[in-house]
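Structure record follows, encoded as structure tokens.
What follows draws every value from the coordinates through simple rules; no lab data is involved. As the structure is a prediction and not an experimental result, all values here were calculated from the model. For neighbour counting, all protein chains shown are included, and Cβ atoms are generated from backbone atoms with ideal geometry for every residue, glycine included.
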Amino acid sequence: MEVVLDLYSQPHSESAPLICMDEAAMQLTGQVFEPIPLAPGQDAKQDYHYTRPGVQALFMFLDPHRGWRRVSNRDHRTRVDWAEEVRQLLDEDYPQAEKVKLLCDNLNTHNIASLYEALSAPVAHRLARKLEIYYTPRHGSWLNVAEIELSVLSQQCLDRRISSAQELKSELAAWQGDRNSNASKVTWHFTTDDARVKLKHLYPIFEPQETDDSNALF
């Protein structure tokens, strides 16, 4: 935990940015009956019946210091999908960076082996040398600010019926563009010192051992 908290408090540069990433699932929902649009003297109406055309995986990458994010949707959340998203992050989003510090949950897909499964060995090796992965502790995903950004996305963009992957992609692009144009940031205040006070029950009890000075030489 303290490694993650220290990571937020450290300075980061364009050559070595901090990027937080998280994943989520999005249930697509379609209309059974056409909704009735808003009209003078008439509220918009939507039938409570809906269809379930499928599920989409969301990948969120957030630079909390720069106020930049990229969110995309895919059909699956496999090793290959994660590797392709990371390749885009390193080669297209941050090509100038010498090292990218990536903070993510400790899932079995979030590791260097995924790069080698999805990409050729030379490409995977080149990307791996540029990537420095940090993991949130077990039951500690709340330490990842990308999770906060996914919550913002859910409230501002996804709290309605979206029926297709293409429609979802279009909505995500519009939301992302608006957030990036405003450089909207997530400000993190919880520090290592705070953790040692408020979460002291998570720390092992330290009891100094008594020493026997009876044989000490004077």
Report task. Could you run the Karplus curve 6.51 cos²θ - 1.76 cosθ + 1.60 with θ = phi - 60° over the stretch 175-191 and give me ³J(HN,Hα) per residue in whole Hz, x for Gly and Pro? Result -> 5, 4, x, 5, 5, 6, 5, 8, 6, 5, 10, 10, 8, 9, 10, 6, 10
Report task. Give the shape of the stretch 74-206 as rounded, prolate or oblate, defined through the alpha-carbon gyration tensor: a ≥ b ≥ c are the square roots of its eigenvalues, a/c under 1.5 means rounded, and otherwise the shape is prolate if a/b is larger than b/c and oblate if not. Result -> oblate
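Have a look at the DSSP beta bridges in the chain and tell me what percent are antiparallel, nearest 5.
Antiparallel: roughly 70 percent of the beta bridges in the chain.
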Query - Burial order of peptide ranges 65-74, 165-174 (average beta-carbon count within 10 Å, highest first) - result: 65-74, 165-174
Query raised in the report: Mind checking the dipole of the stretch 15-132: about its Cα centre, +1 per Lys or Arg Cβ, -1 per Asp or Glu Cβ, Debye to the nearest 20?
Result: 320
Query raised in the report: Plugging the Kirkwood radius over Cα pairs into Stokes-Einstein for the stretch 1-144, at a temperature of 10 °C and a viscosity of 1.306 mPa s, what D comes out in µm²/s?
Result: 91
**Report entry** Entries of Lys130/Lys185; Lys99/Lys185; Lys101/Lys185 with Cα pairs more than 28 Å apart
**Finding:** none
Query raised in the report: Suppose every K and R has +1 on its Cβ and every D and E has -1 on its Cβ; what is the size of the dipole of the stretch 1-65 about the Cα centre, in Debye to the nearest 20?
Result: 360
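Any idea what the relative contact order of the stretch 74-120 is, in percent, if you count C-alpha pairs under 8 Å spaced at least 6 apart?
Relative contact order here is 62 percent.
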Requested in this report: At 7 Å along the Cα-to-beta-carbon direction for both Thr191 and Ala39, put a label point, then send me their distance in nm to one decimal.
Outcome: 6.1
Query raised in the report: To the nearest 20 debye, what charge dipole does the chain have about its Cα centre, counting +1 at the Cβ of each Lys and Arg and -1 at the Cβ of each Asp and Glu?
Result: 580
Report summary line: Subtracting the Cα-Cα distance of Val55 and Tyr134 from 0.36 nm times their residue separation yields 25.6 nm
Query raised in the report: Which residue, chosen from Leu102, Leu38, Ser141, occupies the Cα position most advanced towards the positive end of the dipole of the chain, where the dipole is computed from +1 (Lys, Arg) and -1 (Asp, Glu) charges on Cβ about the Cα centre?
Result: Leu38
Query - Of Asp47, Asp75, Asp93, the one that fluctuates the most in a GNM where the chain has Cα springs shorter than 10 Å - result: Asp47
Query raised in the report: So what's the angle, to the nearest 10 degrees on a 0 to 90 scale, between helix 79-88 and the longest Cα principal axis of the chain?
Result: 90
Report task. Averaging sequence separations of C-alpha pairs under 8 Å and six or more residues apart, then dividing by the length of the chain, give the relative contact order as a whole percent. Result -> 27
